[in-house]
1. Filter the stretch 50-64 for residues that are within 15 Å of residue 81 (Cα to Cα) and touching a Pro at 6+ places or on another chain (Cβ under 6 Å); which is most open to solvent (accessible area, probe 1.4 Å)?
2. For the stretch 29-49, give me the residue count where each residue is surrounded by fewer than 13 Cβ atoms within 10 Å (Cβ to Cβ) and either part of a helix (DSSP H, G or I) or on the phi < 0 side of the Ramachandran plot (or both).
3. Got at least one residue in the stretch 24-39 being more than 14 Å from residue 2 (Cα to Cα) and modelled with pLDDT of 90 or more?
4. I'd like the full set of residues that are crowded, with 20+ Cβ neighbours inside 10 Å and over 21 Å from residue 51 (Cβ atoms), limited to the stretch 8-28.
5. In the stretch 65-95, what count of residues is obtained for those that are open to solvent by 50 Å² or more (accessible area, probe 1.4 Å) and in a helix (DSSP H, G or I)?
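The values are calculated or read from the model by the stated rules, or taken from the named source; none is laboratory data. Keep in mind it's a predicted model, so treat the numbers as computed, not measured. All Cβ positions, glycine included, derive from the backbone under ideal geometry; neighbour counts span all protein chains shown. The accessibility values were calculated without ligands, DNA or RNA, using every heavy atom of the protein model including side chains. Shrake-Rupley method; radii C 1.70, N 1.55, O 1.52, S 1.80 Å.
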Amino acid sequence: MGVLVLIFLGWTASQFGRPFLFAGLWALFAFFTGIALQDAGLIAALIRSVVAFVLAAAYFWLLDRFSDQILIWLAILIGVPALMFVFQLQLLARL
């Protein structure tokens, strides 16, 4: 679910040209999913949302930066969330 939300936010961030606003929305999404779905504590959810904001700001900024080059834009739009998903799966496999 998070990958689809991130791709949707990436597309809308490139349409509106406000990468840091959408990074804040992603951080809120990460905060609330950290509290509700993963049963994390408040401090853990806050740390997760700050890290999510920093990474999402870089992701959305790259999408905004390369919005005029369609192949690079598509690679970033789909590749970064896909790599994030694969990385999470590999972390779960090690547990």
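1. Filtering the stretch 50-64 for residues that are within 15 Å of residue 81 (Cα to Cα) and touching a Pro at 6+ places or on another chain (Cβ under 6 Å), the one most open to solvent (accessible area, probe 1.4 Å) comes out as 61.
2. Step one: filter the stretch 29-49 for residues surrounded by fewer than 13 Cβ atoms within 10 Å (Cβ to Cβ), giving 32, 36-39, 41-43.
Okay, now just the ones that are also either part of a helix (DSSP H, G or I) or on the phi < 0 side of the Ramachandran plot (or both), so 32, 36-38, 41-43.
The total comes to 7.
3. Checked against the condition, which is being more than 14 Å from residue 2 (Cα to Cα) and modelled with pLDDT of 90 or more, the stretch 24-39 yields at least one hit.
4. Start the filter on the stretch 8-28 by keeping residues that are crowded, with 20+ Cβ neighbours inside 10 Å, which leaves 9-10, 13-14, 19, 22-23, 26-27.
Listed by number, the list holds a single entry, 14.
5. Of the residues in that region, 20 qualify.
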